[in-house]
1. With each label point set 7 Å from Cα along the Cα-Cβ vector, what nm distance links R442 and E263?
2. Hey, if we sort Y311, Y415 by accessible area with the 1.4 Å probe, largest down, what's the order?
3. With a 1.4 Å probe and all protein chains kept in place, how do I207, I109 rank by accessible area, largest first?
4. What Kirkwood hydrodynamic radius, in Å, does region 327-372 give when the mean of 1/r is taken over all pairs of distinct Cα atoms and then inverted?
5. Relative to 2.2 N^0.38 Å, what does the C-alpha radius of gyration of region 168-224 come to as a ratio? Two decimals please.
6. Report, as a whole number in µm² per second, the diffusion coefficient that Stokes-Einstein gives for region 372-484 at 4 °C and 1.567 mPa s using the Kirkwood radius over alpha carbon pairs.
7. Would you grab the residues whose amide H sits under 5 Å from the one on L235? Only those 5+ places off in sequence or on another chain, please, with H modelled 1.01 Å from N.
8. Obtain the nm distance between the two label points defined at T380 and M286 by a simple spin-label model: each point lies 7 Å from its Cα along the Cα-to-C-beta direction.
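The values are calculated or read from the model by the stated rules, or taken from the named source; none is laboratory data. In this text, all values refer to a predicted model and were calculated from it rather than measured experimentally. Ideal geometry is used to build each Cβ from the backbone, glycine not excepted, and the neighbour counts take in all protein chains shown. For accessibility, only protein heavy atoms count, side chains too; no ligands or nucleic acids. Shrake-Rupley method; radii C 1.70, N 1.55, O 1.52, S 1.80 Å.
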Amino acid sequence: MCYEDACRAPETVPCEEGDDAHCVEAGFMCYEDFCKNPWEVACEDGGEYCENGGCAGGVCIPPTLDDPCEHITCDEGEICILGVCEELVPPSIIDFSPKRGSFGTLLTIEGEDFGEAPSVTLNGVAVELVSVNTSSSPNEITVLVPKNKNCTGPVYVTVNDQTVASATPFTYELTSGVSTLAGDGDSGFRDGAGDQAQFHSPFDIAIDADGNLYVVDTGNHRIRKVTPDGEVSTLAGDGTTSLRDGPLEEARFSWPFGITMDEEGNLFLMDYGNGYIRKISLEEEMVSSFVSASGYGLTMGTDGNLYVAHYVEHRILKITPDGTISPFVGSGTPGFVDGTGSAAQFYSPQDITSDAEGNLYVADSFNHSIRKITLAGEVTTLAGSGTMGFADGTGSAAQFYSPRGLATDAAGTLYVADTSNHRIRMVTPDGEVSTLAGSGERGFAEGINSEAQFSGPQGITIGIDGNLYVADSENNRIRKITLE
(Lines give C-alpha, C1' and ligand atoms only; values in the text may rest on other atoms or scores of the structure.)
Protein backbone atom coordinates (compact mmCIF):
# COMPACT_ATOMS: atom_id res chain seq x y z
CA MET A 1 0.00 0.00 0.00
CA CYS A 2 1.09 3.61 -0.43
CA TYR A 3 2.18 5.30 2.82
CA GLU A 4 4.22 8.49 3.24
CA ASP A 5 5.03 8.62 -0.49
CA ALA A 6 6.39 5.09 -0.56
CA CYS A 7 5.07 1.62 -1.29
CA ARG A 8 4.93 -0.32 1.95
CA ALA A 9 3.80 -3.77 2.99
CA PRO A 10 0.58 -3.27 5.01
CA GLU A 11 1.90 -5.03 8.08
CA THR A 12 4.77 -2.47 8.27
CA VAL A 13 2.50 0.56 8.22
CA PRO A 14 1.70 1.85 11.72
CA CYS A 15 -1.76 2.89 12.83
CA GLU A 16 -3.74 3.46 15.95
CA GLU A 17 -7.35 3.90 16.95
CA GLY A 18 -8.61 7.15 15.49
CA ASP A 19 -5.72 7.29 13.02
CA ASP A 20 -6.49 4.37 10.70
CA ALA A 21 -8.14 6.07 7.70
CA HIS A 22 -5.11 5.27 5.53
CA CYS A 23 -5.61 1.56 6.30
CA VAL A 24 -9.36 1.48 5.71
CA GLU A 25 -9.16 3.46 2.46
CA ALA A 26 -6.68 0.92 1.12
CA GLY A 27 -9.00 -1.99 2.05
CA PHE A 28 -7.18 -2.98 5.22
CA MET A 29 -7.85 -2.65 8.92
CA CYS A 30 -5.90 -1.47 11.93
CA TYR A 31 -4.99 -4.37 14.19
CA GLU A 32 -2.34 -4.41 16.94
CA ASP A 33 -0.95 -1.02 15.76
CA PHE A 34 -0.38 -2.04 12.12
CA CYS A 35 -2.47 -2.30 8.93
CA LYS A 36 -3.51 -5.90 8.27
CA ASN A 37 -5.42 -7.86 5.67
CA PRO A 38 -8.80 -8.41 7.38
CA TRP A 39 -9.10 -12.02 6.27
CA GLU A 40 -5.83 -12.72 8.05
CA VAL A 41 -7.27 -11.48 11.33
CA ALA A 42 -9.15 -14.07 13.34
CA CYS A 43 -12.31 -12.90 15.03
CA GLU A 44 -15.55 -13.93 16.57
CA ASP A 45 -18.95 -12.51 15.71
CA GLY A 46 -19.18 -9.15 17.40
CA GLY A 47 -15.41 -8.69 17.60
CA GLU A 48 -14.82 -4.97 18.12
CA TYR A 49 -11.74 -4.80 15.95
CA CYS A 50 -13.91 -5.71 12.90
CA GLU A 51 -16.24 -2.78 13.46
CA ASN A 52 -15.27 -1.12 10.19
CA GLY A 53 -16.44 -4.18 8.34
CA GLY A 54 -17.71 -7.26 10.08
CA CYS A 55 -16.78 -10.72 11.29
CA ALA A 56 -17.90 -13.70 9.20
CA GLY A 57 -16.53 -17.19 8.87
CA GLY A 58 -14.03 -16.48 11.63
CA VAL A 59 -12.25 -13.66 9.83
CA CYS A 60 -12.80 -9.94 9.45
CA ILE A 61 -14.59 -8.68 6.34
CA PRO A 62 -13.53 -5.28 5.02
CA PRO A 63 -16.32 -2.88 4.02
CA THR A 64 -14.83 -2.41 0.56
CA LEU A 65 -14.81 -6.12 -0.40
CA ASP A 66 -17.25 -6.83 -3.29
CA ASP A 67 -17.50 -10.57 -2.59
CA PRO A 68 -17.41 -11.20 1.15
CA CYS A 69 -17.11 -14.94 0.49
CA GLU A 70 -13.96 -14.59 -1.58
CA HIS A 71 -11.59 -15.47 1.28
CA ILE A 72 -13.88 -17.73 3.28
CA THR A 73 -13.73 -21.54 3.16
CA CYS A 74 -16.79 -23.27 4.54
CA ASP A 75 -17.07 -26.81 5.84
CA GLU A 76 -18.50 -29.61 3.71
CA GLY A 77 -22.26 -29.29 3.45
CA GLU A 78 -22.12 -25.52 3.96
CA ILE A 79 -22.18 -22.57 1.59
CA CYS A 80 -20.98 -19.01 2.06
CA ILE A 81 -23.80 -16.49 1.74
CA LEU A 82 -22.90 -12.81 2.23
CA GLY A 83 -19.85 -13.80 4.20
CA VAL A 84 -21.59 -16.28 6.46
CA CYS A 85 -21.26 -20.07 6.23
CA GLU A 86 -24.71 -21.59 6.29
CA GLU A 87 -25.99 -25.15 5.97
CA LEU A 88 -26.50 -26.15 2.35
CA VAL A 89 -30.20 -27.06 2.00
CA PRO A 90 -31.31 -28.58 -1.34
CA PRO A 91 -34.36 -27.10 -3.05
CA SER A 92 -37.64 -29.00 -3.15
CA ILE A 93 -40.54 -28.90 -5.63
CA ILE A 94 -44.05 -29.06 -4.17
CA ASP A 95 -46.01 -28.63 -7.39
CA PHE A 96 -46.12 -26.83 -10.72
CA SER A 97 -48.86 -25.63 -13.04
CA PRO A 98 -50.07 -25.98 -15.68
CA LYS A 99 -49.13 -29.62 -16.26
CA ARG A 100 -49.37 -29.18 -20.05
CA GLY A 101 -48.57 -26.28 -22.31
CA SER A 102 -47.18 -25.07 -25.60
CA PHE A 103 -44.61 -22.49 -26.61
CA GLY A 104 -45.06 -19.26 -24.64
CA THR A 105 -46.87 -20.84 -21.68
CA LEU A 106 -46.05 -19.31 -18.28
CA LEU A 107 -45.18 -22.16 -15.93
CA THR A 108 -45.26 -21.55 -12.17
CA ILE A 109 -43.22 -23.80 -9.88
CA GLU A 110 -43.87 -23.92 -6.12
CA GLY A 111 -41.33 -25.22 -3.62
CA GLU A 112 -38.90 -24.39 -0.86
CA ASP A 113 -35.29 -23.18 -0.62
CA PHE A 114 -35.15 -21.83 -4.18
CA GLY A 115 -32.39 -19.39 -3.16
CA GLU A 116 -31.50 -16.17 -4.92
CA ALA A 117 -30.24 -17.54 -8.25
CA PRO A 118 -32.07 -20.73 -9.23
CA SER A 119 -31.98 -22.22 -12.72
CA VAL A 120 -34.76 -24.27 -14.30
CA THR A 121 -34.90 -26.77 -17.14
CA LEU A 122 -37.76 -28.75 -18.67
CA ASN A 123 -36.46 -32.23 -19.36
CA GLY A 124 -33.00 -30.69 -19.67
CA VAL A 125 -34.05 -27.81 -21.93
CA ALA A 126 -33.06 -24.43 -20.49
CA VAL A 127 -35.89 -21.95 -19.93
CA GLU A 128 -36.16 -18.22 -19.30
CA LEU A 129 -36.87 -17.15 -15.73
CA VAL A 130 -39.64 -14.55 -15.57
CA SER A 131 -39.73 -14.07 -11.80
CA VAL A 132 -38.42 -15.56 -8.56
CA ASN A 133 -40.20 -15.03 -5.23
CA THR A 134 -38.42 -16.47 -2.19
CA SER A 135 -40.01 -14.15 0.38
CA SER A 136 -43.21 -16.18 0.58
CA SER A 137 -43.81 -19.79 1.55
CA PRO A 138 -43.88 -21.73 -0.63
CA ASN A 139 -41.31 -20.07 -2.88
CA GLU A 140 -42.37 -19.48 -6.47
CA ILE A 141 -40.53 -19.46 -9.77
CA THR A 142 -42.27 -18.46 -13.02
CA VAL A 143 -40.66 -19.50 -16.30
CA LEU A 144 -41.49 -19.18 -19.98
CA VAL A 145 -41.87 -22.45 -21.91
CA PRO A 146 -39.57 -22.33 -24.98
CA LYS A 147 -40.33 -23.62 -28.47
CA ASN A 148 -38.91 -27.11 -28.16
CA LYS A 149 -40.82 -30.39 -28.34
CA ASN A 150 -38.15 -32.01 -26.14
CA CYS A 151 -39.54 -30.11 -23.14
CA THR A 152 -41.78 -33.06 -22.26
CA GLY A 153 -40.41 -34.57 -19.05
CA PRO A 154 -39.50 -33.65 -15.47
CA VAL A 155 -39.15 -30.08 -14.26
CA TYR A 156 -35.67 -29.53 -12.79
CA VAL A 157 -34.71 -26.75 -10.35
CA THR A 158 -31.04 -26.19 -9.52
CA VAL A 159 -29.82 -24.07 -6.61
CA ASN A 160 -26.16 -23.95 -5.52
CA ASP A 161 -25.32 -26.94 -7.74
CA GLN A 162 -28.05 -29.04 -6.12
CA THR A 163 -30.80 -30.23 -8.47
CA VAL A 164 -34.26 -31.56 -7.71
CA ALA A 165 -36.77 -33.06 -10.17
CA SER A 166 -40.56 -32.87 -10.12
CA ALA A 167 -42.45 -36.04 -9.27
CA THR A 168 -44.66 -35.69 -12.35
CA PRO A 169 -43.66 -34.64 -15.87
CA PHE A 170 -44.56 -31.53 -17.80
CA THR A 171 -46.13 -32.31 -21.18
CA TYR A 172 -45.20 -30.08 -24.08
CA GLU A 173 -48.03 -29.55 -26.57
CA LEU A 174 -47.08 -28.94 -30.16
CA THR A 175 -48.60 -25.95 -31.88
CA SER A 176 -50.14 -27.20 -35.09
CA GLY A 177 -51.43 -24.99 -37.86
CA VAL A 178 -53.93 -26.64 -40.20
CA SER A 179 -54.30 -25.47 -43.79
CA THR A 180 -55.44 -26.90 -47.13
CA LEU A 181 -52.78 -28.06 -49.56
CA ALA A 182 -55.14 -29.09 -52.37
CA GLY A 183 -58.83 -29.50 -53.15
CA ASP A 184 -61.74 -27.07 -53.28
CA GLY A 185 -64.00 -29.14 -51.04
CA ASP A 186 -66.43 -30.23 -53.75
CA SER A 187 -66.64 -33.88 -54.75
CA GLY A 188 -65.35 -34.11 -58.30
CA PHE A 189 -62.37 -34.69 -60.53
CA ARG A 190 -60.07 -31.96 -61.73
CA ASP A 191 -56.31 -31.50 -61.90
CA GLY A 192 -54.86 -28.13 -61.06
CA ALA A 193 -53.08 -26.09 -58.42
CA GLY A 194 -54.27 -25.95 -54.82
CA ASP A 195 -57.97 -25.16 -54.54
CA GLN A 196 -58.41 -25.48 -58.31
CA ALA A 197 -58.14 -29.27 -57.97
CA GLN A 198 -60.92 -31.66 -56.99
CA PHE A 199 -60.99 -35.06 -55.30
CA HIS A 200 -63.73 -37.56 -54.54
CA SER A 201 -63.32 -39.13 -51.08
CA PRO A 202 -59.50 -39.34 -50.90
CA PHE A 203 -58.56 -42.25 -48.67
CA ASP A 204 -54.83 -42.64 -48.13
CA ILE A 205 -51.48 -40.96 -48.84
CA ALA A 206 -47.91 -42.05 -49.49
CA ILE A 207 -44.89 -39.78 -49.91
CA ASP A 208 -41.62 -40.00 -51.84
CA ALA A 209 -38.13 -38.72 -51.06
CA ASP A 210 -38.81 -35.46 -52.89
CA GLY A 211 -41.88 -34.66 -50.83
CA ASN A 212 -44.44 -35.53 -53.54
CA LEU A 213 -47.69 -37.00 -52.22
CA TYR A 214 -49.49 -39.93 -53.85
CA VAL A 215 -53.16 -39.82 -53.01
CA VAL A 216 -55.60 -42.69 -53.36
CA ASP A 217 -58.59 -40.85 -54.83
CA THR A 218 -61.01 -43.63 -54.02
CA GLY A 219 -64.25 -42.21 -55.44
CA ASN A 220 -62.50 -41.30 -58.71
CA HIS A 221 -60.75 -44.72 -58.95
CA ARG A 222 -57.48 -42.94 -59.60
CA ILE A 223 -54.10 -42.28 -58.03
CA ARG A 224 -53.27 -38.58 -57.89
CA LYS A 225 -49.92 -36.86 -57.43
CA VAL A 226 -49.60 -33.68 -55.37
CA THR A 227 -46.36 -31.71 -55.38
CA PRO A 228 -45.12 -29.96 -52.21
CA ASP A 229 -46.58 -26.67 -53.48
CA GLY A 230 -50.03 -28.22 -54.09
CA GLU A 231 -49.99 -28.89 -57.84
CA VAL A 232 -52.33 -31.84 -58.49
CA SER A 233 -52.06 -34.21 -61.47
CA THR A 234 -53.32 -37.70 -62.24
CA LEU A 235 -50.66 -40.36 -61.89
CA ALA A 236 -52.62 -43.47 -62.86
CA GLY A 237 -56.12 -44.57 -63.73
CA ASP A 238 -58.64 -43.35 -66.29
CA GLY A 239 -61.56 -43.26 -63.87
CA THR A 240 -63.25 -46.39 -65.21
CA THR A 241 -64.06 -49.05 -62.61
CA SER A 242 -62.34 -52.25 -63.73
CA LEU A 243 -59.06 -54.15 -63.59
CA ARG A 244 -56.47 -53.32 -66.22
CA ASP A 245 -52.68 -53.30 -66.03
CA GLY A 246 -50.44 -51.35 -68.34
CA PRO A 247 -49.11 -47.80 -68.77
CA LEU A 248 -50.10 -45.36 -66.05
CA GLU A 249 -52.70 -43.51 -68.09
CA GLU A 250 -54.35 -46.74 -69.32
CA ALA A 251 -54.52 -48.57 -65.98
CA ARG A 252 -57.80 -49.06 -64.18
CA PHE A 253 -58.72 -49.52 -60.54
CA SER A 254 -61.85 -50.25 -58.54
CA TRP A 255 -62.28 -48.60 -55.16
CA PRO A 256 -58.59 -48.39 -54.22
CA PHE A 257 -57.87 -47.83 -50.52
CA GLY A 258 -54.47 -48.11 -48.80
CA ILE A 259 -51.11 -47.17 -50.34
CA THR A 260 -47.45 -47.49 -49.34
CA MET A 261 -44.03 -47.07 -50.94
CA ASP A 262 -40.99 -49.34 -50.80
CA GLU A 263 -37.34 -48.27 -50.55
CA GLU A 264 -36.96 -48.45 -54.34
CA GLY A 265 -39.74 -45.96 -54.90
CA ASN A 266 -42.42 -48.41 -56.04
CA LEU A 267 -45.99 -47.87 -54.89
CA PHE A 268 -48.18 -50.70 -53.64
CA LEU A 269 -51.89 -50.09 -53.23
CA MET A 270 -54.90 -52.05 -52.11
CA ASP A 271 -57.27 -52.26 -55.09
CA TYR A 272 -60.15 -53.37 -52.90
CA GLY A 273 -62.86 -53.66 -55.52
CA ASN A 274 -60.67 -55.84 -57.72
CA GLY A 275 -59.27 -57.91 -54.87
CA TYR A 276 -55.65 -57.23 -55.81
CA ILE A 277 -52.62 -55.46 -54.50
CA ARG A 278 -51.39 -53.40 -57.43
CA LYS A 279 -47.82 -52.27 -57.99
CA ILE A 280 -46.97 -48.95 -59.62
CA SER A 281 -43.44 -48.62 -60.97
CA LEU A 282 -42.72 -44.91 -61.18
CA GLU A 283 -39.49 -45.59 -63.04
CA GLU A 284 -41.14 -47.76 -65.71
CA GLU A 285 -44.44 -45.84 -65.56
CA MET A 286 -46.35 -49.12 -65.45
CA VAL A 287 -49.10 -50.65 -63.31
CA SER A 288 -49.18 -54.37 -62.60
CA SER A 289 -51.17 -56.74 -60.41
CA PHE A 290 -48.79 -57.92 -57.71
CA VAL A 291 -50.88 -60.48 -55.82
CA SER A 292 -54.52 -61.36 -55.24
CA ALA A 293 -55.35 -60.09 -51.77
CA SER A 294 -57.91 -58.00 -49.97
CA GLY A 295 -57.88 -55.58 -47.07
CA TYR A 296 -57.66 -51.86 -46.45
CA GLY A 297 -54.35 -50.51 -45.17
CA LEU A 298 -50.89 -51.85 -45.96
CA THR A 299 -47.30 -50.99 -45.13
CA MET A 300 -43.82 -52.06 -46.16
CA GLY A 301 -42.03 -53.56 -43.18
CA THR A 302 -38.35 -53.06 -42.43
CA ASP A 303 -37.87 -56.74 -43.30
CA GLY A 304 -38.98 -56.12 -46.90
CA ASN A 305 -42.36 -57.80 -46.50
CA LEU A 306 -45.74 -56.21 -47.03
CA TYR A 307 -48.16 -56.25 -44.10
CA VAL A 308 -51.88 -55.88 -44.73
CA ALA A 309 -54.64 -54.91 -42.32
CA HIS A 310 -57.44 -57.24 -43.40
CA TYR A 311 -60.60 -55.46 -42.43
CA VAL A 312 -62.90 -58.43 -43.10
CA GLU A 313 -60.76 -61.29 -41.81
CA HIS A 314 -59.81 -59.40 -38.61
CA ARG A 315 -56.14 -60.24 -38.95
CA ILE A 316 -52.81 -58.99 -40.27
CA LEU A 317 -51.42 -60.69 -43.37
CA LYS A 318 -47.78 -61.00 -44.35
CA ILE A 319 -46.79 -60.96 -48.03
CA THR A 320 -43.22 -61.79 -49.03
CA PRO A 321 -41.50 -60.17 -52.03
CA ASP A 322 -42.33 -63.22 -54.15
CA GLY A 323 -46.04 -62.82 -53.38
CA THR A 324 -46.45 -65.58 -50.78
CA ILE A 325 -49.32 -64.71 -48.43
CA SER A 326 -49.64 -66.00 -44.88
CA PRO A 327 -51.52 -64.96 -41.74
CA PHE A 328 -49.14 -63.09 -39.44
CA VAL A 329 -51.24 -62.31 -36.36
CA GLY A 330 -54.91 -62.57 -35.47
CA SER A 331 -57.31 -65.46 -35.03
CA GLY A 332 -59.57 -64.47 -37.91
CA THR A 333 -62.56 -63.88 -35.64
CA PRO A 334 -63.47 -60.46 -34.24
CA GLY A 335 -62.39 -59.80 -30.68
CA PHE A 336 -60.06 -57.81 -28.48
CA VAL A 337 -57.27 -59.99 -27.11
CA ASP A 338 -53.53 -59.39 -26.79
CA GLY A 339 -51.24 -62.32 -27.41
CA THR A 340 -48.83 -63.87 -29.88
CA GLY A 341 -49.69 -64.92 -33.42
CA SER A 342 -53.15 -66.43 -33.81
CA ALA A 343 -53.87 -66.04 -30.09
CA ALA A 344 -54.40 -62.32 -30.65
CA GLN A 345 -57.69 -60.87 -31.84
CA PHE A 346 -58.62 -57.73 -33.80
CA TYR A 347 -61.91 -56.24 -34.87
CA SER A 348 -61.84 -54.78 -38.37
CA PRO A 349 -58.29 -53.38 -38.43
CA GLN A 350 -58.15 -50.56 -40.93
CA ASP A 351 -54.59 -49.27 -41.27
CA ILE A 352 -51.06 -50.34 -40.44
CA THR A 353 -47.65 -48.69 -40.29
CA SER A 354 -44.15 -49.55 -39.08
CA ASP A 355 -41.41 -47.81 -37.12
CA ALA A 356 -37.64 -47.76 -37.61
CA GLU A 357 -37.20 -50.74 -35.28
CA GLY A 358 -39.54 -52.93 -37.32
CA ASN A 359 -42.52 -52.82 -34.96
CA LEU A 360 -45.94 -52.63 -36.58
CA TYR A 361 -48.84 -50.48 -35.38
CA VAL A 362 -52.45 -51.14 -36.26
CA ALA A 363 -55.50 -48.90 -36.20
CA ASP A 364 -57.86 -51.52 -34.75
CA SER A 365 -60.89 -49.61 -35.86
CA PHE A 366 -63.85 -51.33 -34.20
CA ASN A 367 -61.85 -51.95 -31.04
CA HIS A 368 -61.16 -48.20 -31.02
CA SER A 369 -57.55 -48.91 -30.10
CA ILE A 370 -53.99 -48.74 -31.37
CA ARG A 371 -52.25 -52.11 -31.28
CA LYS A 372 -48.51 -52.79 -31.42
CA ILE A 373 -46.98 -55.87 -33.06
CA THR A 374 -43.36 -56.96 -32.80
CA LEU A 375 -41.75 -58.81 -35.69
CA ALA A 376 -41.98 -61.91 -33.48
CA GLY A 377 -45.77 -61.55 -33.68
CA GLU A 378 -46.44 -60.39 -30.13
CA VAL A 379 -49.53 -58.17 -30.01
CA THR A 380 -50.14 -55.62 -27.26
CA THR A 381 -52.45 -52.65 -26.90
CA LEU A 382 -50.53 -49.37 -26.97
CA ALA A 383 -53.49 -47.08 -26.36
CA GLY A 384 -57.27 -47.17 -26.24
CA SER A 385 -59.87 -48.56 -23.88
CA GLY A 386 -61.66 -50.77 -26.38
CA THR A 387 -64.81 -48.65 -26.29
CA MET A 388 -65.61 -45.71 -28.52
CA GLY A 389 -65.20 -42.26 -27.06
CA PHE A 390 -62.82 -39.35 -26.78
CA ALA A 391 -60.27 -38.95 -24.01
CA ASP A 392 -56.60 -38.05 -23.84
CA GLY A 393 -54.49 -40.03 -21.41
CA THR A 394 -52.08 -42.92 -21.19
CA GLY A 395 -52.77 -46.45 -22.40
CA SER A 396 -56.27 -47.68 -21.63
CA ALA A 397 -57.22 -44.30 -20.13
CA ALA A 398 -57.29 -42.88 -23.67
CA GLN A 399 -60.23 -43.30 -26.04
CA PHE A 400 -60.61 -43.24 -29.82
CA TYR A 401 -63.60 -43.54 -32.13
CA SER A 402 -62.89 -45.69 -35.19
CA PRO A 403 -59.27 -44.69 -35.84
CA ARG A 404 -58.41 -45.35 -39.50
CA GLY A 405 -55.09 -43.76 -40.40
CA LEU A 406 -51.56 -44.08 -38.95
CA ALA A 407 -48.08 -42.66 -39.48
CA THR A 408 -44.88 -42.78 -37.42
CA ASP A 409 -41.98 -40.34 -37.20
CA ALA A 410 -38.29 -41.05 -36.64
CA ALA A 411 -38.70 -40.72 -32.86
CA GLY A 412 -41.40 -43.41 -32.80
CA THR A 413 -44.29 -41.01 -32.21
CA LEU A 414 -47.54 -42.15 -33.81
CA TYR A 415 -50.00 -39.83 -35.51
CA VAL A 416 -53.56 -41.10 -35.73
CA ALA A 417 -56.44 -40.04 -37.91
CA ASP A 418 -59.19 -40.51 -35.32
CA THR A 419 -61.84 -40.64 -37.99
CA SER A 420 -65.15 -40.52 -36.16
CA ASN A 421 -63.81 -38.04 -33.62
CA HIS A 422 -62.76 -35.81 -36.56
CA ARG A 423 -59.42 -35.21 -34.90
CA ILE A 424 -55.74 -35.92 -35.36
CA ARG A 425 -54.22 -37.55 -32.28
CA MET A 426 -50.62 -38.11 -31.21
CA VAL A 427 -49.34 -41.18 -29.33
CA THR A 428 -45.90 -41.36 -27.74
CA PRO A 429 -43.96 -44.66 -27.67
CA ASP A 430 -45.11 -45.23 -24.08
CA GLY A 431 -48.79 -44.77 -24.98
CA GLU A 432 -49.40 -41.15 -23.93
CA VAL A 433 -52.24 -39.85 -26.12
CA SER A 434 -52.90 -36.18 -26.81
CA THR A 435 -54.94 -34.27 -29.37
CA LEU A 436 -52.90 -32.49 -32.00
CA ALA A 437 -55.59 -30.84 -34.12
CA GLY A 438 -59.34 -30.74 -34.60
CA SER A 439 -62.26 -29.46 -32.56
CA GLY A 440 -64.12 -32.77 -32.65
CA GLU A 441 -66.98 -31.24 -34.58
CA ARG A 442 -67.45 -32.45 -38.15
CA GLY A 443 -66.80 -29.54 -40.47
CA PHE A 444 -64.18 -27.57 -42.31
CA ALA A 445 -62.08 -24.87 -40.69
CA GLU A 446 -58.46 -23.90 -40.78
CA GLY A 447 -56.53 -22.66 -37.77
CA ILE A 448 -54.36 -23.69 -34.86
CA ASN A 449 -54.89 -26.86 -32.84
CA SER A 450 -58.54 -27.15 -31.75
CA GLU A 451 -59.60 -24.23 -33.97
CA ALA A 452 -59.29 -26.52 -37.01
CA GLN A 453 -62.03 -28.85 -38.20
CA PHE A 454 -61.95 -32.09 -40.17
CA SER A 455 -64.66 -34.33 -41.55
CA GLY A 456 -63.87 -38.01 -41.47
CA PRO A 457 -60.08 -37.84 -41.85
CA GLN A 458 -58.64 -41.10 -43.17
CA GLY A 459 -55.05 -41.48 -44.35
CA ILE A 460 -52.13 -39.60 -42.84
CA THR A 461 -48.44 -39.37 -43.65
CA ILE A 462 -45.37 -37.41 -42.53
CA GLY A 463 -43.57 -35.21 -45.03
CA ILE A 464 -39.84 -34.78 -45.40
CA ASP A 465 -40.43 -31.31 -43.94
CA GLY A 466 -41.71 -32.89 -40.71
CA ASN A 467 -45.27 -31.73 -41.35
CA LEU A 468 -48.32 -33.97 -41.55
CA TYR A 469 -50.58 -34.49 -44.54
CA VAL A 470 -54.12 -35.77 -44.09
CA ALA A 471 -56.65 -37.19 -46.51
CA ASP A 472 -59.67 -35.26 -45.20
CA SER A 473 -62.04 -37.61 -46.93
CA GLU A 474 -65.48 -36.07 -46.44
CA ASN A 475 -64.09 -32.60 -47.12
CA ASN A 476 -62.51 -33.86 -50.37
CA ARG A 477 -59.29 -32.10 -49.50
CA ILE A 478 -55.67 -32.79 -48.67
CA ARG A 479 -54.88 -30.93 -45.45
CA LYS A 480 -51.46 -29.88 -44.19
CA ILE A 481 -50.63 -29.73 -40.51
CA THR A 482 -47.58 -27.55 -39.91
CA LEU A 483 -45.80 -28.49 -36.73
CA GLU A 484 -43.59 -25.94 -35.00
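1. So the label points at R442 and E263 sit 4.3 nm apart.
2. Y311, Y415
3. I207, I109
4. Its Kirkwood hydrodynamic radius stands at 10.6 Å.
5. Here the Cα radius of gyration is 1.50 times the empirical estimate.
6. My calculation gives 92 µm²/s for D.
7. Here the answer is I223, R224, K225, since their amide H atoms fall under 5 Å of that of L235.
8. 4.5
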